[in-house]
1. Taking neighbour counts of Cβ atoms within 10 Å as a proxy for exposure, in what order, fewest first, do S74, S35, S58 appear?
2. Compute the long axis of helix 70-80 from its Cα atoms, compare it with the longest principal axis of the Cα atoms of the chain, and write down the angle in degrees, 0 to 90, nearest 10.
3. Counting only Cα, what are the radius of gyration and maximum Cα-Cα distance Dmax of the chain, in Å?
4. What ranking do T72, T38, T54 get, fewest neighbouring Cβ atoms within 10 angstrom at the top?
5. What percent do you get for the relative contact order of the chain when only Cα pairs under 8 Å and 6+ apart count?
Amino acid sequence: MEPLAIVCTPVWQGEDVLEHAITCAPDQTLEGIQSIMTLGQATDNTAEIAQEATARNSRIRALIHGPREGKTLSINLALSEISGE
């Protein structure tokens, strides 16, 4: 099933809030929802938390980009990966 709704979340140094943000979108009742996180190269556990989430739920994707490339690049990266209806 192609996603009907996609939540894009740019993340950098987000270990304190990422787990909650990750579970919000997939916990919705809409069947065709996907979550795409774009990760800057953080120095905390953000990448590890994201990798664990993608292993648990196929509707969650994590994309990693270079250090401090900003929110605009993060959002454009997520948008380039969208393949829904």
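Coordinate-derived values only; no laboratory data. Since the structure is predicted, the reported quantities are computational estimates derived from the model, not experimental observations. Glycine also receives a Cβ, built like all others from the backbone with ideal geometry; neighbour counts cover every protein chain displayed.
1. Details: S74 22, S35 25, S58 9.
Lowest to highest Cβ neighbour count: S58, S74, S35.
2. With rounding to tens, the tilt is 30 degrees.
3. Looking at the chain, its Cα Rg and Dmax stand at 12.2, 36 Å.
4. Details: T72 9, T38 25, T54 16.
Fewest-to-most Cβ neighbours within 10 Å comes out as T72, T54, T38.
5. On the way: 144 pairs, mean separation 31.6, N = 85.
About 37 percent, as a whole number.
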